[in-house]
Amino acid sequence: MHPTLADDLSRLPALLQSARDVAARELGGLAERPVVGPGTAPGPAALPEEGAGAEAALARFVEDWAPGFSGSAGPRYLGFVTGGATPASVTGDWLTAAYDQNVSGAAGSWAAALERETVAWLREVFGLGVEHSGALVTGATASNTVGLAVAREWLGERLGVDVSRSGAAGLGPVEVLSGSPHSSVAKALSVLGIGRDRLRPVPLLPGNREAVDVAALETALAALDGRPAIVVANAGTVNTVDFDDLRAIAALKERHGFWLHVDAAFGGFAALSPRYAHLVDGLDAADSVCVDLHKWLNVPYDAAVQFTRRRDLQVRVFHNASPYLGLPTGEPDFLHLTPENSRRLRALPAWFSLVAYGRAGHREIVERNAALAARLGEGVAALDGLRLLAPVRLNVVCFTLADDPTPGRVAALADAVADSGEAFLTPTVYGGVPALRAAFSNWRTSEADTARVLAALTSALSG
Ligand SMILES: *Cc1c(COP(=O)(O)O)cnc(C)c1O
């Protein structure tokens with residue numbers, strides 16, 4: 001063994017203690033850390049020939065790189081939809097690395113069984129029945145891609161094309177209908193060889209809504225003359241957190257043949273709260289479902305879950321077995337279900353958080369975030385220089401300048417807020433109007449944080 005490596009091995013407990021100390025210090029200061037990193041990153045250094053050892057690597061990281069990291073795990077980073085990491089999930093994540101299990105299959109370790117237990121719990125969290133099987137993937141983009149890959153295989157089943165063997169070309173042009181799809185859906189369609197241009201926008205409900213007009217969806221389906229299609233329903237749009245009427249969409253299946261994929265990346269967590277669960281009523285009727293875990297479950301990146309009712313088709317797409325051995329049967333190993341072959345035990349942080357806080361703890365996060373979003377919404381509406389662009393439906397406040405909201409002026413407002421170090425918001429365009437979003441999905445965020453965000457906006461407006 002290389003002497004430096006041997007030395008690290010002999011001092012492993014002390015090294016882990018040092019890493020713990022750094023993490024404890026960073027997390028202790030997280031709430032006051034500037035929300036975005038300063039200036040430009042150091043230029044690329046030369047590859048070390050002789051290693052310095054892990055303690056020296058830690059010191060160099062802390063010195064050279066850590067100061068430029070963002071406070072995205074903290075309470076006032078409201079850009080995109082950004083979760084933090086609960087204490088239990090960080091613990092689980094550390095141990096994922098320490099145990100370093102390969103959850104491609106079940107052989108020789110209980111790790112795959114732990115992932116199955118986690119998936120079963122998540123199924124309950126989101127109100128899905130046992131017909132839905134699932135697996136953990138890296139994020140909602142990957143989850144949407146897996147769901148749409150199974151949809152593609154289903155189209156093949158309907159049209160008599162074995163897509164897994166002969167390719168997607170045999171399907172001809174595929175119709176993918178959706179009201180307000182997330183950009184990752186177009187990306188998935190590109191990856192899957194269906195094509196971004198096959199995503200057909202369906203009209204939305206009138207009255208400042210991002211939810212699909214189900215009657216218009218039915219008209220679009222009827223126009224397909226019986227040709228099977230894919231419908232992507234959206235449960236939680238990123239601008240205004242609107243929800244398609246999932247039950248009404250699922251009911252269209254009685255008259256039209258389509259695969260129903262639901263992107264519930266963060267909106268799925270509405271199921272945790274009796275107050276908001278109606279928003280995802282009908283989710284169980286979906287053929288495939290995407291939910292992110294590194295957003296509103298507040299586990300570290302990279303974690304999402306995908307569910308489907310057609311695991312047989314999923315195995316046809318993703319199996320990694322010799323055709324001579326036939327397709328896996330029974331409870332297929334995870335390597336036959338997801339894009340990866342070797343896989344980290346990314347279920348462990350979620351398992352830890354669910355064991356530590358339970359349904360009630362995670363419900364409290366969702367309800368508190370929603371209440372804080374409503375509070376910021378009231379504050380924004382009351383400010384002279386700003387106006388809300390949509391009602392605060394769940395956890396996102398979408399607003400703009402009251403006067404002359406040009407892209408430049410709106411971006412300048414976002415920059416001024418970020419430069420204050422107090423809060424981070426991301427620009428968007430809603431209904432053709434340049435706007436800002438404040439998305440609440442961090443377990444740490446409090447009323448005091450929300451007051452600080454409002455104060456930062458107020459001073460940015462006057463400054
Ligand atoms: C965030 C998001 C995605 C993409 O998630 P990643 O984890 O970043 O891949 C997809 N759909 C919706 C609705 C989202 O909010």
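Laboratory data are not the source of any read-out in this text; all were calculated from the coordinates shown. Nothing here was measured: the structure is a model prediction, and the numbers come from that model. We place every Cβ from the backbone using ideal geometry, glycine too, and count neighbours over all the protein chains shown.
Semi-axes of the equivalent ellipsoid for the stretch 315-361, please: Cα gyration tensor eigenvalues, times 5, square-rooted, ordered largest first, whole Å.
Numbers: eigenvalues 199, 24, 11 Å².
Semi-axis lengths for the stretch 315-361 are 32, 11, 7 Å.
Regarding the stretch 11-72, what whole-number volume in Å³ per residue does the convex hull of its Cα atoms give?
86
Identify, among Ala374, Ala402, Phe352, the residue whose Cα sits farthest towards the positive end of the charge dipole of the stretch 258-409, taking +1 on the Cβ of Lys and Arg and -1 on the Cβ of Asp and Glu, with the dipole about the Cα centre.
The listed residue farthest towards the positive side: Phe352.
Which GluC sites (Glu not before Pro) from the stretch 42-74 combine a DSSP loop assignment with at most 13 other Cβ atoms within 10 Å? If you can, show how the numbers build up before the last one.
Numbers: sites: Glu49, Glu50, Glu55, Glu63; in loops: Glu49, Glu50.
Of the GluC sites (Glu not before Pro), the ones in loops of the stretch 42-74 whose Cβ has at most 13 other Cβ atoms within 10 Å are Glu49, Glu50.
Ranked from highest to lowest mean number of other Cβ atoms within 10 Å per residue, what is the order of the peptides 103-114, 84-95? The partial results should precede the final answer.
Details: 103-114: 16.2, 84-95: 21.0.
With the highest mean Cβ count within 10 Å placed first, the list reads 84-95, 103-114.
Could you please report the charge total around Ala186, scoring K, R as +1 and D, E as -1 over all other residues with beta-carbon less than 14 angstrom from its beta-carbon? Walk me through the numbers on the way to the answer.
On the way: positive: Lys187, Arg196, Arg198, Arg200; negative: Asp197, Asp263.
For residues surrounding Ala186, the net value is +2.
Take every Cα-Cα pair in the stretch 404-448 and report what % of them are more than 17 Å apart. Mind dumping the intermediate values first?
Details: 387 of 990 pairs.
The share of Cα pairs beyond 17 Å in the stretch 404-448 comes to 39 percent.
Tell me, what are the semi-axes, in whole angstrom and largest first, of the equivalent ellipsoid of the stretch 78-152 as set by the roots of 5 times the Cα gyration tensor eigenvalues?
After scaling each eigenvalue by five and taking roots: 22, 20, 14 Å.
After finding the eigenvalues of the alpha carbon gyration tensor for the stretch 362-463, what semi-axes result from the square roots of 5 times each, listed largest first in whole Å? Numbers along the way, then the final one.
Details: eigenvalues 93, 44, 26 Å².
Equivalent ellipsoid semi-axes, largest first: 22, 15, 11 Å.
Using the crude model of +1 on Lys and Arg Cβ and -1 on Asp and Glu Cβ, and no other charge, please compute the dipole size for the stretch 105-191 relative to its Cα centre, in debye to 20.
Details: 6 positive and 8 negative charges, 41 e Å.
Dipole size: approximately 200 debye.
Mind grabbing the base-10 log of I(q)/I(0) for the chain at q = 0.11, 0.13 Å⁻¹? Debye formula, identical points on the C-alpha positions, no solvent, two decimal places.
The computed values of log10 I(q)/I(0) come out as -0.96, -1.25.
I need Leu457, Leu30 ordered by Cβ neighbour count within 10 Å, fewest first.
Working: Leu457 26, Leu30 16.
Sorted ascending by nearby Cβ count, the order is Leu30, Leu457.
Under a Cβ-only charge scheme (Lys and Arg +1, Asp and Glu -1), can you give me the dipole magnitude of the stretch 348-447 about the Cα centre, in debye to the nearest 20?
Details: 9 positive and 10 negative charges, 100 e Å.
It works out to roughly 480 debye.
Given the stretch 176-307, what whole percent of its Cα pairs are spread farther than 24 Å? Mind dumping the intermediate values first?
Numbers: 2183 of 8646 pairs.
Result for the distance tail: 25 percent.
Sort Val81, Val262, Val241 by Cβ crowding within 10 Å, fewest neighbours at the top. Provide the component values of the computation, followed by the final result.
Working: Val81 23, Val262 33, Val241 29.
By the 10 Å Cβ count, ascending, the order reads Val81, Val241, Val262.
At 7 Å along the Cα-to-beta-carbon direction for both Ala107 and Asp197, put a label point, then send me their distance in nm to one decimal.
Result: 4.6 nm between the two label points.
Assuming R0 = 41 Å, what is the FRET efficiency of Val22 and Leu224, from their Cβ-Cβ distance, to the nearest 0.05?
The calculated FRET efficiency here is 0.10.
For the stretch 240-344, with equal point scatterers placed on the C-alpha atoms only and solvent neglected, what are the log10 I(q)/I(0) values from the Debye formula at q = 0.12 1/Å, to two decimals?
Debye output, listed in q order: -0.53.
For the stretch 317-421, take every pair of Cα atoms, bin their distances at 10 Å starting from 0, and report each bin as a whole percent.
For the stretch 317-421, the pair-distance distribution reads 12, 22, 18, 19, 18, 9, 2, 0.
What is the dipole size for the chain, taken about its Cα centre, with +1 at each Lys and Arg Cβ and -1 at each Asp and Glu Cβ, in debye to the nearest 20? It would help to have the intermediate numbers written out before the result.
Working: 39 positive and 50 negative charges, 148 e Å.
Using Cβ point charges on Lys, Arg, Asp and Glu, the chain gives about 720 debye.
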